[in-house]
Amino acid sequence: MAYVELKSVTKKFDSAVTAVDNSSFIINDKEFVVLVGPSGCGKSTTLRMIAGLDTVTEGEIYIDDMLVNDIPPKDRDIAMVFQNYALYPHMTVYQNMAFGLKLRKFTKKEIDARVREAAEILEIENLLDRKPKALSGGQRQRVAVGRAIVRKPKVFLFDEPLSNLDAKLRVQMRTEISKLHQRLETTMIYVTHDQMEAMTMGDRIVIMKDGLVHQIDSPLNLYHTPKNQFVAGFIGSPSMNFITGKLTFENGFVFDEGTFRLEIPIKYRVALQDHLNKKIVLGIRPENINNNMKSSRESHSSLLKFHVDVVELMGNEIFVYLKTKYHLLIARMKPENIPNVGEEIEVMFDLQKLYFFDANIGDILFNRVDWTECN
């Protein structure tokens, strides 16, 4: 198999638009890495540069120990699955999967063995004689993946392969791709804008925005220890609540939002003392705003009152939108006691699960490890 390394890679279009800005990271052998971020963040451009479909403006890309900047795509020993699958409509499934091998002058016997092996892996043996128009979206996606598998490349590249599928099929197919990675034990790089896909599939995740890499880490580390406000808000659904206010000291530390005040225990002095009397952003995830008073009072929590603006019933849980003068917060709660829209309710903030960010640049003010050690 192979590892992939980007060293200070930059991609500019017409010298005016920087799509990827000085990106450096390593994708280890047999690792499943997901590039994720909003539209226009540079993730697909990064993938296309690895594939050789876009040229590198600055920097170097290595596959194993080989510098591939000037090597054409066909000689990089990679296989790519595109968003639109790119199947030949006049060819059968078998012919689509075999076409790349024919161009590389493989024998008929080897082509047949590889195609049927890939079809068995993907459970599409009964579809080999069909043409793409007779396939469902999920079946076409499997054929596109099969066409990549038969190549037995060093690296698989996926460019938002599930974006054209319905929600239920997306869940099924992301599971199938994860199982495929485990079976093939090969290096895979996967691009998506869907953070749920990234969290459930990747060994590590590269989070990008505006051409910049903001953080690279495992899914759980990204969720619990984001480096800045963008990462904290992008990972997690519903996303983290952000509340802008001021940190003051009045017989103890107080976060003042303007319409409510949150008392911060004095034991957090070391972590927060350098940020007193400054405008900061408090972050708290929806699951840490709780209406279970019994369990909340057993931990370090603070009781606050809010007006209910919207209630979304999700079956096993509810999303409650809590309104203040300046903010709309989302709480994820159990459905035992469903509040009414317009009523005032008491909720608990879990003070052990707070984040604080610089209001100007969005960087986290201190590492979550520092915050945890204060408890």
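Residues in the stretch 8-40 that are surrounded by fewer than 22 Cβ atoms within 10 Å (Cβ to Cβ) and either of a type in the set (D, E, K, R) or part of a loop (DSSP other than H, G, I, E, B) (or both): 12 in all.
Of all the criteria given as (1) touching a residue at least 24 places away in the same chain (Cβ under 8 Å); (2) within 11 Å of the chain's Cα centre (by Cα), the one not satisfied by Ile289 is (2). Pairing each residue of the stretch 147-158 that is in the same structural domain as Lys108 (by TED's automatic domain parsing) with any residue that is of a type in the set (Lys, Arg) and modelled with pLDDT of 90 or more, provided the two are 6+ apart or on different chains, yields C-beta distances under 9 Å for Ile149/Arg114; Val150/Arg114; Arg151/Arg114; Lys152/Arg114; Pro153/Arg76; Lys154/Arg76; Val155/Arg76; Leu157/Arg48. Condition first: assigned to a loop (DSSP other than H, G, I, E, B) and at positive phi. Now tell me which residues in the stretch 45-100 satisfy that. Across the stretch 45-100, the qualifying residues are Gly52, Asp64, Asp77, Tyr85, Ala86. For the stretch 197-213, the set of residues classified as without any contact (Cβ under 8 Å) to a residue 60 or more places away in the chain and either touching a His at 6+ places or on another chain (Cβ under 6 Å) or over 15 Å from Gly236 (Cα atoms) (or both) is empty.
Being in the same structural domain as Tyr85 (by TED's automatic domain parsing), touching a helix residue (DSSP H, G or I) at 6+ places or on another chain (Cβ under 7 Å), at pLDDT 90 or above and surrounded by fewer than 18 Cβ atoms within 10 Å (Cβ to Cβ) is true for just one of Glu125, Glu117. Which residue is that? Give the derivation first.
On the way: Glu117 fails: touching a helix residue (DSSP H, G or I) at 6+ places or on another chain (Cβ under 7 Å).
Checking each option against the conditions leaves just Glu125.
The values are calculated or read from the model by the stated rules, or taken from the named source; none is laboratory data. This is a predicted model, so every value here is computed, not measured. Here Cβ is always computed from backbone atoms with ideal geometry, including for glycine, and neighbour counts include all displayed protein chains.
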